[in-house]
Amino acid sequence: MQQERLLKVLVIGDLGVGKTSIIKRYVNQVFSQHYRATIGVDFALKVLNWDHQTVIRLQLWDIAGQERYGNMTRVYYREAVGALVVFDMTRATTFQAVLKWKKDLDSKVALGNGRPLPAVLLANKCDQQRHGLCSKLPKLDNFSRDHGFVGWYETSAKDNTNIDAAIMCLVENVMAIDTEAVPVESDPSVLILPAFDYNLKERSDSRCSVCTTFQSSRKPHSEL
């Protein structure tokens, strides 16, 4: 009999970086140039056949870009187990805001073992590289490791570039977390999540290509 896992993943970043487009591409395989700005929060659901024992119900929470400046993010972040932090490769200010979003995330929610939520950095709109900041960006391999991201990807919702791979990387990290560790002493203002039972049968392909040693990609898990 298959078990179900409900995973809440946050999609955060400044206004207009393409968060809604990424979610729509991943969940519905569609792209539009005309999405309205998200107000507050929205979410979408994707069901994954993880293995023969497990079905994942992946909730992607689309957090409005302006919400970092308010107090509601603590409510939106509650019970999240991972995050995608998105910036627009053609707009320097959105990259400069990445660490502010990461700090906001880490200051308001943590895993049951006291560690930060696993987060993947998305350099979105790579289809517009000729108009972008590619030559001015720091080396993102080092940047992502130095600032606590489990990996990073250049993505394009328009061309469907690396959307599946980036989200699979995050989900694999979430599922691999050892949640039995006793929580460390932490700031009382940070929401510590209860321990989730992610201790599944060990899988030989439990790491994604970007998260650690940047190994070659594997076949994706099947989806419903």
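The values are calculated or read from the model by the stated rules, or taken from the named source; none is laboratory data. Everything numeric in this text was worked out from a predicted model, so none of it was measured. Counting neighbours? That spans all protein chains shown, and the Cβs are built from the backbone with ideal geometry, glycine included. What goes into the accessible areas is simple: the full protein's heavy atoms, side chains included, and nothing from ligands, DNA or RNA. Shrake-Rupley method; radii C 1.70, N 1.55, O 1.52, S 1.80 Å.
Residues that are more than 27 Å from ASP146 (Cβ to Cβ) and modelled with pLDDT under 95: find the helices (runs of 4 or more DSSP H) completely inside segment 1-103 holding 3 or more of those.
Here the list reads 19-28.
Being in contact (Cβ under 8 Å) with a residue 60 or more places away in the chain, crowded, with 18+ Cβ neighbours inside 10 Å and either farther than 28 Å from GLN2 by Cβ or not acidic (Asp, Glu) (or both) narrows it down to one of GLY82, GLY114, GLY65, so name that one.
One residue alone meets the criteria, GLY82.
Every residue in segment 1-17 that is more than 13 Å from the chain's Cα centre (by Cα) and either buried (at least 24 other Cβ atoms within 10 Å of the Cβ) or touching a residue at least 60 places away in the same chain (Cβ under 8 Å) (or both), please.
Answer for segment 1-17, where residues must be more than 13 Å from the chain's Cα centre (by Cα) and either buried (at least 24 other Cβ atoms within 10 Å of the Cβ) or touching a residue at least 60 places away in the same chain (Cβ under 8 Å) (or both): ARG5, ASP14, GLY16, VAL17.
Name the single residue that is least open to solvent (accessible area, probe 1.4 Å) among those in segment 124-144 being modelled with pLDDT of 90 or more and outside any helix (DSSP H, G or I).
Ranking the qualifying residues of segment 124-144, first place goes to ASN124.
Of the residues that sit in segment 166-186 and are at pLDDT below 55 and out of contact with any strand residue (DSSP E or B) (no Cβ under 8 Å at 6 or more places or on another chain), which one is least open to solvent (accessible area, probe 1.4 Å)?
THR179
Could you please give the count of residues in segment 93-103 that are touching a helix residue (DSSP H, G or I) at 6+ places or on another chain (Cβ under 7 Å) and open to solvent by 20 Å² or more (accessible area, probe 1.4 Å)?
The total comes to 1.
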